[in-house]
Each structure stands twice: as C-alpha cells, then as structure tokens.
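Read the structure below first, then the notes.
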C-alpha cells in the first residue's frame, strides 16, 4: 500500500475511533459542518494527538466522577499536610519507583507552601519487591508516623531501617502490615488505579483531574490552584 494511502487509512481509523468527541470538538473549534470534519482532520493531522489527549482527559474525569469520594478518603493516617485541608492532592506511589522518589521534593514543597493542602497517598506497589514497603507504610499510618516513614523509605531504601528511623513500634507494625485491613487497602488502590486508567507511578489527582507521570511542581500546583474537593 502506498505511504499516502496508508496514512489516510490510519487517519480515517483514528477519526472513526474518537469521532463522537472529535466531531463536537472541531465543530466548536473551527465551526465546521459534520460533512467537512473528516476532510479537515485529514488536512490537519497535527491536531489529532491534541484532540485524542483531550478526549482521554475527558474520559478520565468521567471515571473519577464515577468513583465518588473513595479515592479522596485516606487509609487512617496515610496523608501528608493538613488533615482538614480543602485542597486535596492524591498520589499513587511505589517506593521502588525512581520517578516517585524524584517527585517527593515537589510534594513536600507544595505542602510547605500551602497550609490548606492535604496530600492523600495511595500505596500502589507495582514494582517487584515493593509490597513489604507499602505494607509497612500503611502500618506506620496507623501509628501516626506515616510521613516519617515515607520520607525515610525513599531516602534509605530499606524497610526496617526506615521503620526504625520513623520510631515505629516494630511488633505492632509487623502485625498491622500483615493484617487484612492493609491487604484490603492495597487491593483497593489497585482497583482505583485501574478504574482511573493509570498505568504506572507516580499518578495523581489534582484539582479533581487525573494526571499521570512525574509532571513536576509547576503542573501540580497549577492543577491544584484550578480546583479543590472542598
């Protein structure tokens, strides 16, 4: 098949895939009638990635709305910042994820700058060997020492060393880490991540908008400034 024909075929297929959204988007964006939509897209293929991204964001927001408040409700103690804050950032994290480690400074900066910010952490151990760290983090939350463990775990990379530095009651922490409640929380976080369409860590909900990846301080702050959950 000639390259131009293949290109047109692929563009047509993509147009058909998201046509319901794209037709409406182009109508409002360029004032085009329906019978001109396909021709416009074929002539302006650079617009397709932007529209697909907008469509995916719209679908993610719908999925978030369907979940209600479950994703914003922390496991006991597993949050950073103001427990009563009306501005809420949700982070799905894994202690073996280098991008999560790199994002820690962004989260801590946001918390330091905004006394109204509550950061709900959803432990999502998707990397090999991460389950024990996530379980101990949740156990730390039950002792009111989540942030101390969280920061130490990213810095030290060793579960027991982080638990000791955080001052955990180890006997209690080990029992809690193996509890049904902790297992249920991890399973719930997995389902929440899947429902939101997240495929890796870190992943965020900021200003009630799902965001994937280590997007940095500026983008998180902009999203938070655009909305709250209060």
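Restricted to the range 136-158, and to residues that are in contact with a strand residue (DSSP E or B) (Cβ under 8 Å, 6 or more places away or on another chain) and more than 18 Å from residue 184 (Cβ to Cβ), which residue is surrounded by the most Cβ atoms within 10 Å (Cβ to Cβ)?
In this case the residue turns out to be 150.
I want to confirm something. Restricting to the range 173-205 and keeping residues that are modelled with pLDDT under 95 and out of contact with any strand residue (DSSP E or B) (no Cβ under 9 Å at 6 or more places or on another chain), which single residue is surrounded by the most Cβ atoms within 10 Å (Cβ to Cβ)?
Per the stated criteria, the residue is 195.
Every residue in the range 97-109 that is surrounded by 13 or more Cβ atoms within 10 Å (Cβ to Cβ) and under 16 Å from the mean Cα position of the chain (by Cα), please. Explain how you work it out, then say what you get.
Taking the range 97-109 first, the residues surrounded by 13 or more Cβ atoms within 10 Å (Cβ to Cβ) are 97, 99-104, 106-109.
Correct list: 97, 99, 100, 101, 102, 103, 104, 106, 107.
Just the residues that are touching a strand residue (DSSP E or B) at 6+ places or on another chain (Cβ under 9 Å) and closer than 13 Å to residue 100 by Cα, please, taken from the range 206-226. First the steps, then the outcome.
Just the residues of the range 206-226 that are touching a strand residue (DSSP E or B) at 6+ places or on another chain (Cβ under 9 Å), to begin with: 206-208, 210-213, 215, 219-226.
Passing the criteria: 212, 213, 215.
Between residues in the range 191-210 that are free of Cβ contacts under 8 Å to residues at least 40 places away in the same chain and residues that are in a strand (DSSP E or B), which pairs lie under 8 Å by C-beta distance while being six or more apart or on different chains?
199/212
Out of curiosity, is residue 109 within 16 Å of residue 78 (Cβ to Cβ), in contact (Cβ under 8 Å) with a residue 40 or more places away in the chain and not in a strand (DSSP E or B)?
Values: within 16 Å of residue 78 (Cβ to Cβ): no; in contact (Cβ under 8 Å) with a residue 40 or more places away in the chain: yes; not in a strand (DSSP E or B): yes.
Judged against the criteria, residue 109 is not a match.
Does the range 81-90 contain at least one residue that is in a loop (DSSP other than H, G, I, E, B), in contact with a helix residue (DSSP H, G or I) (Cβ under 8 Å, 6 or more places away or on another chain) and surrounded by 22 or more Cβ atoms within 10 Å (Cβ to Cβ)?
Filtering the range 81-90 for residues in a loop (DSSP other than H, G, I, E, B) gives 82-86.
Those still in the list that are in contact with a helix residue (DSSP H, G or I) (Cβ under 8 Å, 6 or more places away or on another chain) too: none.
Checking the range 81-90: not a single residue is in a loop (DSSP other than H, G, I, E, B), in contact with a helix residue (DSSP H, G or I) (Cβ under 8 Å, 6 or more places away or on another chain) and surrounded by 22 or more Cβ atoms within 10 Å (Cβ to Cβ).
Scan the range 157-172 for residues that are under 13 Å from residue 140 (Cα atoms) and either at pLDDT below 95 or not in a helix (DSSP H, G or I) (or both) and report the count.
Of the residues in the range 157-172, 3 are under 13 Å from residue 140 (Cα atoms) and either at pLDDT below 95 or not in a helix (DSSP H, G or I) (or both).
The values are calculated or read from the model by the stated rules, or taken from the named source; none is laboratory data. For clarity, every value in this text was computed on a predicted model and none was experimentally measured. Reconstructed Cβ throughout: ideal geometry from the backbone, glycine too, with neighbour counts over all protein chains shown.
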